[in-house]
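Worksheet: the structure to be examined is printed underneath.
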Amino acid sequence: MTLSTCSNVCLLTDYPFSVTPTVQNADFAHDYARAMGKVPLRSGLTDSLEVGYRTGELVITATRAAGWSSPGLYLDTIDDVDFAKPRLRVEGDRLQATVPVTDSWGEKSPDLRDKSLTLVLADGAIAQESTQTIGAAPAQTPDNAALPFWQVVLMALVGGLILNLMPCVLPVLGMKLGSILLVEEKSRSHIRRQFLASIAGIIASFMALAVFMTLLRLSNHALAWGVQFQNVWFIGFMALVMLLFSASLFGLFEFRLPSSVTTKLATYGGNGMSGHFWQGRSPRCWRRLVARRFWARR
């Protein structure tokens, strides 16, 4: 082999080399054919294929003369769009896949009509890759229509009642009712105003959370509750906190405030409604325990 080496001038140099031919593996052709057989085809699986979009859903309809035995659907990604798990329904030679669609924040998705989508449709050992332009899907049938508003409100009310039976809430309700029974000759209107002040505090808490989450979104940030429980260090810290709480409840140790502080806390307060408002503002599980002691007399 002759190669040139160049700087200001080029010099030709001959390099001897030898090639030892390798014997092809007898199983190579078979393995290669098997691997190529798993690559999705461009056509041959479906007789017709349509992709449509309606609000919140992607509808894919495919027909196959031989019918469907174990269909599967795999979608390529689209910017700022999240696809949920497809719901597949087979009716004879017709397959309909309904895919819930949201944006990357888990909310209402953008309009996908006239966008290009690459998908792989499979049935058994056969797969077909197709690129389709998304059209308009027909409106939802009554069976798949959204629930009426009154049913949504009823389910939310039942869910709230069930949540009141949670271990962190039910004892608190008893404490609140007990505080009402122990009041000294207060009118119904006064007790009603106390409840309304507490409700206003709860509403204000959720409004503050809504504003906080909105500001996070506008700054392209996100906060997901529960992810911290996947961290081993956080779980260990919470286990330590619960261990300390348990030891304190068993009387192994206790923290005492200075007498001047306890005296001030015992005599601080009044008869206003701000204490009940701040009860509502504090977290549900402990707001009655803490807020009552510091604010109920205001």
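Derivation of every value follows stated rules applied to the coordinates shown; laboratory data play no part. Fair warning: this is a prediction, and the values are worked out from it, not measured in the lab. Every residue, glycine among them, receives a Cβ derived from its backbone with ideal geometry; neighbour counts consider all protein chains shown.
When Rg and Dmax are taken over the Cα atoms of the stretch 1-78, they come to 27.0, 72 Å.
Here the gap between Ser70 and Ala136, fully extended at 0.36 nm per residue and compared with their Cα-Cα distance, gives a gain of 21.1 nm.
Across the stretch 209-215, coupling constants 3J(HN,Hα) worked out from phi with the 6.51/-1.76/1.60 Karplus curve, θ = phi - 60°, read 5, 4, 5, 4, 5, 5, 5 Hz, and Gly and Pro carry x. Length available on full extension from Thr77 to Cys168: 0.36 nm per residue minus the Cα-Cα distance, which gives 28.6 nm.
The calculated pair-distance distribution of the stretch 43-106 uses every alpha carbon pair, bins of 5 angstrom beginning at 0, and gives 4, 16, 27, 23, 15, 9, 4, 1, 0 percent.
A Förster distance of 51 Å, applied to the separation of the beta-carbon atoms of Ser43 and Leu3, puts the FRET efficiency at 0.60. Built from the Cα atoms of the stretch 1-146, the convex hull projects on average onto 17.3 nm², one quarter of its surface area. Kirkwood analysis of the stretch 61-181, using all unique Cα-Cα pairs, places the hydrodynamic radius at 18.6 Å.
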